[in-house]
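Note sheet for the following structure.
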2 protein chains.
Amino acid sequence: MSGGGIPAYRAKIEPDWIDYNGHLRDAYYGLAASYAVDDLMDYLGLDAAYRKSTHCTLYSLEMHIHFLHEVKESDDLKVMTSILDFDRKRIHLGCTFVCSRLGEPAAAADMMLLHVHQGEKPATAAFPEHVTAKLSALKLSSAAREAFGPSSRKIELQRR
Amino acid sequence: MSGGGIPAYRAKIEPDWIDYNGHLRDAYYGLAASYAVDDLMDYLGLDAAYRKSTHCTLYSLEMHIHFLHEVKESDDLKVMTSILDFDRKRIHLGCTFVCSRLGEPAAAADMMLLHVHQGEKPATAAFPEHVTAKLSALKLSSAAREAFGPSSRKIELQRR
């Protein structure tokens with residue numbers, strides 16, 4: 001469950017992130033992942049200076065999250081991001097939520113991110129060379145990508 | 001895109017829900033959906049009094065969200081929930097995010113919710129009869145369920 005070398009994002013669990021069930025509210029896993037993506041953008045060179053000078057940024061297209069274990073207010077929480085795949089303008093990102101109390105991930109998510117030029121109307125844009133080079137270096141091997149999970153799928157009730 | 005009769009949840013977009021891209025941060029669609037599920041629980045009779053007397057509640061197992069259009073701070077935002085399917089202890093829920101400025105949904109999500117008894121260790125529990133009856137009355141027709149979308153799927157980059 002390697003992050004492929006990308007530094008983990010350490011989330012700070014705020015008291016109001018805990019719901020009436022006494023555990024981390026589902027949406028705040030998403031917020032931790034969103035902040036982890038901000039950190040990843042800095043790491044990839046898609047930082048505030050880049051966004052300001054190019055008017056380019058990342059938009060989230062789609063996200064799938066599996067909630068695997070309860071996280072409590074007293075827990076630490078790290079989000080490990082990994083580059084599952086990418087093309088000229090999209091990144092397929094994996095997120096693994098890790099809590100030191102647990103022997104396995106607390107949650108897992110994957111998402112699709114799109115590189116966009118924010119003009120009068122947002123338009124897709126190709127990554128610059130320096131970002132593509134970083135993505136190539138960080139992209140997981142096929143085996144590591146296969147091992148990432150649980151990954152997205154069609155959600156449905158299967159009758160036994 | 002009917003909610004099958006369930007009242008819509010009206011989200012309040014807070015200023016800090018807007019990110020450096022000038023639009024609603026991805027995770028806050030999830031928070032609006034989470035609050036919509038709270039409202040739905042009240043509507044189904046899984047409210048605070050029920051939770052207190054039975055120690056039963058809903059846990060989120062899985063969620064898939066498609067971000068379809070940008071939502072701005074000046075927008076209104078409603079979340080329409082619909083019962084796509086259910087069984088003895090699970091609900092497959094659809095969420096459609098509606099903004100009056102847009103002619104089509106701003107986002108769509110589907111999620112799996114599990115009815116859990118919170119004892120020393122959480123354990124799955126069957127819904128009581130009054131909840132099953134409500135779910136039966138609210139469940140979308142097959143045609144309406146087929147029309148719900150975009151629904152969850154495997155996220156991947158497809159090469160052309």
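The values are calculated or read from the model by the stated rules, or taken from the named source; none is laboratory data. As the structure is a prediction and not an experimental result, all values here were calculated from the model. Using ideal geometry, Cβ is built from the backbone for each residue, glycine included, and neighbour counts are taken over all protein chains shown. Calculation scope for accessible area: heavy atoms of the full protein, side chains included, ligands and nucleic acids excluded. Shrake-Rupley method; radii C 1.70, N 1.55, O 1.52, S 1.80 Å.
For this structure, a couple of remarks:
- Inter-residue pairs, beta-carbon under 7 Å, first touching a residue at least 24 places away in the same chain (Cβ under 8 Å) and in the stretch A:44-59, second open to solvent by 20 Å² or more (accessible area, probe 1.4 Å) and charged (D, E, K, R), 6+ apart: A:L44/A:K134; A:G45/A:K134; A:T57/A:R51
- The listed residue being out of contact with any His (no Cβ under 7 Å at 6 or more places or on another chain), modelled with pLDDT of 95 or more and either open to solvent by less than 30 Å² (accessible area, probe 1.4 Å) or not acidic (D, E) (or both), out of B:H64, B:H23: B:H23
- Meets criteria (without any contact (Cβ under 8 Å) to a residue 60 or more places away in the chain, aliphatic (A, V, I, L, M) and open to solvent by 60 Å² or more (accessible area, probe 1.4 Å)) for B:A108: no
- Scanning the stretch A:54-74 for residues that are more than 7 Å from chain B (Cβ to nearest Cβ) and among the polar types (S, T, N, Q) turns up A:T54, A:S74.
- Per-region count, the stretch B:57-84, residues more than 12 Å from B:M112 (Cα to Cα) and of a type in the set (F, W, Y): 1
Yes/no matrix, rows are residues, columns are (1) away from every other protein chain (no Cβ under 14 Å); (2) out of contact with any helix residue (DSSP H, G or I) (no Cβ under 9 Å at 6 or more places or on another chain); (3) open to solvent by 60 Å² or more (accessible area, probe 1.4 Å):
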position: B:R10; (1), (2), (3): yes, yes, yes
position: B:I18; (1), (2), (3): no, no, no
position: B:G30; (1), (2), (3): no, no, no
position: B:A36; (1), (2), (3): no, yes, no
position: B:D39; (1), (2), (3): no, yes, yes
position: B:D42; (1), (2), (3): no, no, yes
position: B:G45; (1), (2), (3): yes, no, no
position: B:K52; (1), (2), (3): no, yes, yes
position: B:M80; (1), (2), (3): yes, no, no
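- Taken over the stretch A:134-160, the residue count meeting the criterion of being open to solvent by 60 Å² or more (accessible area, probe 1.4 Å) and part of a helix (DSSP H, G or I) is 8.
- Restricting attention to the stretch B:118-133, the residues that are at pLDDT 95 or above, open to solvent by less than 80 Å² (accessible area, probe 1.4 Å) and away from chain A (no Cβ under 12 Å) add up to 9.
- For B:M63, the stated conditions do not hold, so it cannot be described as farther than 29 Å from A:R88 by Cβ and under 14 Å from the mean Cα position of the chain (by Cα).
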